[in-house]
Amino acid sequence: MDDGVDVELEAWLESRERFEPPGEFVEQANVTDPSIYEAFEENWPACWERAADLLDWETDYEAVLDDSGAPRYRWFVDGRLNAAHNCIDRHVEAGRKNHAAIRWEGKRGETETYTYGDLKRETEAFGAALRELGVGEDDVVTLYLPMIPELPIAMLACARIGAPHSVVFAGFSPDALATRMDSADSQFLVTCDGYYRRGDALNHKGKADRAVRRVDHDVETVVVDRLGGGLPHSLGDRQHDYDALVTAHRSETVEPVARDSEDDLFVMYTSGTTGEPKAVRHTTGGYLAHVAWTTHAVLDVKPEDTYWCSADIGWITGHSYIVYGPLALGATTIIYEGTPDYPEKDRIWELVERYGVDVFYTAPTAVRAFMKWGSDHPESHDLSSLRLLGTVGEPINPKAWKWYYEHIGGGSCPVVDTWWQAETGGMMITTLPGIGTMKPGAAGPPLPGIDARVVDADGQEVAPGEAGYLVVEKPWPGMLRGLAGDDERFVSEYWEDYSDPELDEWAYFAGDGAKVDDDGYVTLLGRVDDVIDVAGHRLGTMELESAIVGVEGVAEAAAVEAGGDLLAYVSTEREQAADAVLRATVTEAVEAAIGEVAVPDHVVFTPELPKTRSGKIMRRLLEDIATGEELGDISALRNPEIVGELRARLAGETRSYLESDG
Ligand code: WTA
């Protein structure tokens, strides 16, 4: 930057550690009274009625919380409601039939708008079609679709008829899809012919077909024609054309089925510490109340807003904050099929300007990319419609936070750094934008009613500033209700380490390390288990490593995240040459087992992996070597001579990446 004023502003921003919510924002914010923290604490758990009040209930709940079966909590007990009614019908009934619900922007610049009236019509027709195929209440419907309008329509059609959906990210492989369909005993699949990536048409149905062949039971498949003949496809047995089905059921009335609060709205597979992904169960009442409330209180969304979350609907962020949260509030939600840098690196800002986006929610990895691409891109667009910015998925470093605040928010939009997980359903730790001072790098205090703490290995709360394990002591409405088909794992994975079952004291363990400052702000320090977050995607190291060690000639593998990249350190068996062929085989194995999303950015071959005397791979050390950080305590390392070797090999492998990142 060569302009003196900007240099000063930059220096000022750089020196600041705290930012107050901008006055203009506070004036119009949904939540502005700081006493909300106390009010929630004093009136817990009844405080959560405030979230439930954002919804329409067909039958009122009898109690806010039933903790008698802890840690199997029940929320809004005996209430009945329907999520599609809440996200669609009630807005139509309120006279907002012609209000835009979804604005879709396709990869080739195609645009479509669905009003709330359109969504009602489409979810009725597709709901009727699913019923005709045999989908009944509580049957799991798997959705394997890219970011096209039929994805949220199918989700809401399922919700309408009381069938839980299981969305499998389109970048997952046929194997990964088949495993999930088997595990959920899902007999219905909605997919599409293909989709575009950059200029090319990808054959998606081919992947779905391969998966279906591997599933243990028969599957009825619905195929959306995304490419309009761009990639001719044919339908086989038990395969149905989406358009034909919907046309056949046009103008049928399908009343939303009243569901119990605790009935499943969906399952979401997520990576855990073992090779098997877990099916996190989310319920109709608690989940929907939690996401509606946080969309209102944290994202400050109003019914008249155009709101954009740039995640993929295939992950939890898209479920909660592209589909359910904003639609429950009656807002306009943007669904963008493309990537941020295609056709040009100003794509996001061009769309923000064109749609007049009020609130924008993205991942820190995207912010870092925007920063790298330079401020000219946002500066070439009018971003004055923006009122609030958010991030999720990983810590945002202060430099990126400040860049986002200044160059995207123009210094007048609060930035909320929101910590949460697939398991929590919705946001848990962040500032309330109309109230809280922002401290770049720290997510913020736990939200009102959320009892998050940092404890040591014995479950004792640690002193301010000390690192420990992040736990949540009181239950919350959006919490997972279990892992489908695996109650034992539900308890052992989340509720065993820091709870005291004998005293009936339960603490949910999030898998993250954290510290709390004197002011109660929580700084996240990354996963402490075998899960890694890469580019906003959550992957299990076990899944990755077992795919890699399955390759002939590979002895051991360790997957780590460093600087936003995924690295696989691979040791080979004695006779095996670590050559380009092996490298390609490793990559292919990961792509086949999980999907392209999990393909490592770098594969580093090494004679052996760094191990402790007890034989555990020292992942932390591998991370430190990759980021160039000073190594922590390595006294437990059995083979210290490997450090120099790893550094040399990594330098050879990643020279270009280290240089380009500065
Ligand atoms: C990480 C995504 C730091 C964390 C919604 C968590 C974060 C995992 C933040 C969940 C944040 C999420 N700061 N780390 N603001 N938000 N994480 O299930 O490690 O895909 O456990 O949910 O992402 O990833 P998941």
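The values are calculated or read from the model by the stated rules, or taken from the named source; none is laboratory data. Computed from a prediction, not measured in an experiment: that's the story for all the values here. Reconstructed Cβ throughout: ideal geometry from the backbone, glycine too, with neighbour counts over all protein chains shown. In case anyone asks, the SASA skips ligands and DNA or RNA and just uses the protein heavy atoms, side chains included. Shrake-Rupley method; radii C 1.70, N 1.55, O 1.52, S 1.80 Å.
Quick notes on this one:
- Members of segment 230-262 that are assigned to a loop (DSSP other than H, G, I, E, B), surrounded by 14 or more Cβ atoms within 10 Å (Cβ to Cβ) and in contact (Cβ under 8 Å) with a residue 40 or more places away in the chain: His233, His249, Glu252, Val254, Pro256, Val257, Ala258, Ser261, Glu262
- Flag for Asp305 being surrounded by fewer than 24 Cβ atoms within 10 Å (Cβ to Cβ) and more than 16 Å from the ligand (Cβ to nearest atom): yes
- Scanning segment 281-302 for residues that are part of a loop (DSSP other than H, G, I, E, B), touching a strand residue (DSSP E or B) at 6+ places or on another chain (Cβ under 6 Å) and either over 22 Å from His99 (Cα atoms) or of a type in the set (D, E, K, R) (or both) turns up Val298, Asp300.
- In the set Leu202, Leu227, Leu265, only one residue is hydrophobic (A, V, I, L, M, F, W, C), in a loop (DSSP other than H, G, I, E, B), out of contact with any Leu (no Cβ under 6 Å at 6 or more places or on another chain) and outside the structural domain of Ala558 (by TED's automatic domain parsing); that residue is Leu227.
- Considering Leu351, Leu389, the condition of being away from the ligand (no atom under 16 Å from the Cβ) and either out of contact with any Lys or Arg (no Cβ under 9 Å at 6 or more places or on another chain) or of a type in the set (Val, Ile, Thr) (or both) is satisfied by Leu351 alone.
- Residue within segment 556-564 that is open to solvent by 10 Å² or more (accessible area, probe 1.4 Å), at pLDDT 90 or above and within 16 Å of the ligand (Cβ to nearest atom) present: yes
Residue-by-condition table, conditions (1) assigned to a strand (DSSP E or B); (2) under 29 Å from Ala443 (Cβ atoms):
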| site | (1), (2) |
| --- | --- |
| Glu502 | no, no |
| Ala510 | yes, yes |
| Asp533 | yes, yes |
| Glu543 | no, yes |
| Glu552 | no, no |
| Ala555 | yes, no |
| Ser571 | yes, no |
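- So Thr431, is it within 10 Å of the ligand (Cβ to nearest atom), open to solvent by less than 10 Å² (accessible area, probe 1.4 Å) and among the polar types (S, T, N, Q): no
- Hey, Ala592 over 15 Å from Glu545 (Cα atoms), of a type in the set (Gly, Ala, Ser) and either in the same structural domain as Ala651 (by TED's automatic domain parsing) or touching a Pro at 6+ places or on another chain (Cβ under 7 Å) (or both) or not: no
- Within segment 153-187, if we keep just the residues that are assigned to a loop (DSSP other than H, G, I, E, B) and over 19 Å from the mean Cα position of the chain (by Cα), the residue that is farthest from Lys205 (Cα to Cα) turns out to be Gly162.
- Selection within segment 475-516: residues that are over 23 Å from the mean Cα position of the chain (by Cα) and aromatic (Phe, Trp, Tyr). The member of this set that is farthest from Tyr321 (Cα to Cα) is Tyr498.
- Within segment 537-555, the residues that satisfy the criterion of being touching a strand residue (DSSP E or B) at 6+ places or on another chain (Cβ under 8 Å) and within 15 Å of the ligand (Cβ to nearest atom) are Arg538, Leu539, Gly540, Thr541.
- For segment 125-133, the criterion of being open to solvent by 10 Å² or more (accessible area, probe 1.4 Å), aromatic (Phe, Trp, Tyr) and either modelled with pLDDT of 95 or more or over 21 Å from Asp260 (Cα atoms) (or both) is met by no residue.
- Within segment 530-557, residues that are at positive phi sit with their Cβ atoms under 6 Å from residues that are among the β-branched types (Val, Ile, Thr) and away from the ligand (no atom under 16 Å from the Cβ), at 6+ positions apart or across chains, in these pairs: Gly553/Thr572.
- Single residue of segment 356-384 satisfying the filter (more than 28 Å from Ala514 (Cα to Cα) and open to solvent by 40 Å² or more (accessible area, probe 1.4 Å)) that is nearest to the ligand (Cβ to nearest atom): Trp373
- Scan segment 512-531 for residues that are assigned to a strand (DSSP E or B) and either within 11 Å of the ligand (Cβ to nearest atom) or modelled with pLDDT under 90 (or both) and the total you get is 10.
- Glu252 being outside the structural domain of Ile153 (by TED's automatic domain parsing), out of contact with any Pro (no Cβ under 7 Å at 6 or more places or on another chain) and either closer than 30 Å to Pro340 by Cα or not polar (S, T, N, Q) (or both): no
- If you go through segment 375-406 and keep only what is farther than 21 Å from Glu105 by Cβ and touching a His at 6+ places or on another chain (Cβ under 9 Å), you end up with Ser375, Glu379, Gly393.
- Residue within segment 2-18 that is part of a loop (DSSP other than H, G, I, E, B) and surrounded by 18 or more Cβ atoms within 10 Å (Cβ to Cβ) present: no
- Qualifying residues in segment 396-412 (those that are in contact with a helix residue (DSSP H, G or I) (Cβ under 7 Å, 6 or more places away or on another chain) and of a type outside the set (D, E, K, R)) - the one nearest to the ligand (Cβ to nearest atom): Ile396
- Pair list, Cβ under 7 Å, 6 or more apart: segment 422-434 residue of a type in the set (Asp, Glu), other residue outside any loop (DSSP other than H, G, I, E, B) and within 9 Å of the ligand (Cβ to nearest atom): Glu423/Val280
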